[in-house]
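For reference, the structure is listed below as structure tokens.
The values are calculated or read from the model by the stated rules, or taken from the named source; none is laboratory data. Owing to the predicted nature of the structure, the values given are computational and were not obtained by experimental measurement. Cβ: placed from backbone, ideal geometry, glycine included. Neighbour counts: every protein chain shown.
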Amino acid sequence: MYAIYALISFLVGVATNVQSGVNGQIRLLTGNAVFASFANFIGGTILLVMLLILFAGLGVWPMPERGLLSRTRWWTWMGGPLGLIYVMALVLLPPLIGYAAFFSMLVAGQLFLSVTLDHKGWLVERIRRADKVRAAGVLLLLAGAVLIQNS
């Protein structure tokens, strides 16, 4: 099962590049990076509403109880603003520095923080300690990202 999840993760990475390209085309067409990001979120919102209705109707993932969301911590709502920053970066930066340079640094940053989050147990359900092998992996990825920047 792990291999299937890993493959899905890889394909999501591929889809992210496609998303960036599609959003970039909207930016080129309209001349407006904010509108391109808005179009991205509108399309996603429409699909999410349909999925909420479908999965709630099937009983797969019921809607949260009333009042439950009001009891969440303030920082649990940061996904939307952080997603906006991410999408804006997808629209703006690849045309300026290239896809390889952008995504190599994006992945390096993600991996660096991911290993830290796993090691400290922040925002995760299970602690996964950062050992020498994981640290070497992060360093190799960072080195690769730097090499891509300088090519």
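Things to note:
- Within region 90-105, the presence of at least one residue that is within 17 Å of A33 (Cβ to Cβ), β-branched (V, I, T) and either touching an Asp or Glu at 6+ places or on another chain (Cβ under 9 Å) or assigned to a helix (DSSP H, G or I) (or both) is confirmed.
- Test for V49: is it within 21 Å of V22 (Cβ to Cβ), β-branched (V, I, T), within 22 Å of the chain's Cα centre (by Cα) and at pLDDT below 95: no
Conditions (1) in contact with a Gly (Cβ under 9 Å, 6 or more places away or on another chain); (2) polar (S, T, N, Q); (3) under 18 Å from L92 (Cβ atoms); (4) surrounded by 10 or more Cβ atoms within 10 Å (Cβ to Cβ), marked per residue:
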position	(1), (2), (3), (4)
V18	no, no, yes, no
G21	no, no, yes, yes
G31	no, no, yes, no
F55	no, no, no, yes
W61	no, no, no, yes
R66	no, no, no, no
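- For region 81-96, the count of residues that are touching a helix residue (DSSP H, G or I) at 6+ places or on another chain (Cβ under 8 Å), more than 26 Å from A145 (Cβ to Cβ) and surrounded by 11 or more Cβ atoms within 10 Å (Cβ to Cβ) is zero.
- Of all the listed residues (L117, L140), the sole one being part of a helix (DSSP H, G or I), over 20 Å from the mean Cα position of the chain (by Cα) and not hydroxyl-bearing (S, T, Y) is L140.
- Odd one out for F103 among (1) over 12 Å from the mean Cα position of the chain (by Cα); (2) hydrophobic (A, V, I, L, M, F, W, C); (3) closer than 18 Å to F10 by Cα: (1)
- Residues of region 118-145 that turn out to be surrounded by fewer than 14 Cβ atoms within 10 Å (Cβ to Cβ) and aliphatic (A, V, I, L, M), as a count: 9
- Contact annotation: residue pairs with Cβ atoms under 7 Å, 6 or more positions apart or on different chains, pairing a residue in region 136-151 that is farther than 18 Å from I97 by Cα with a partner that is surrounded by 12 or more Cβ atoms within 10 Å (Cβ to Cβ) and among the hydrophobic types (A, V, I, L, M, F, W, C), are V138/L111; V138/F112; V138/V115; L141/V107; L141/A108; L141/L111.
- Residue check, F35 surrounded by 11 or more Cβ atoms within 10 Å (Cβ to Cβ), in contact with a Phe, Trp or Tyr (Cβ under 7 Å, 6 or more places away or on another chain) and free of Cβ contacts under 8 Å to residues at least 24 places away in the same chain: no
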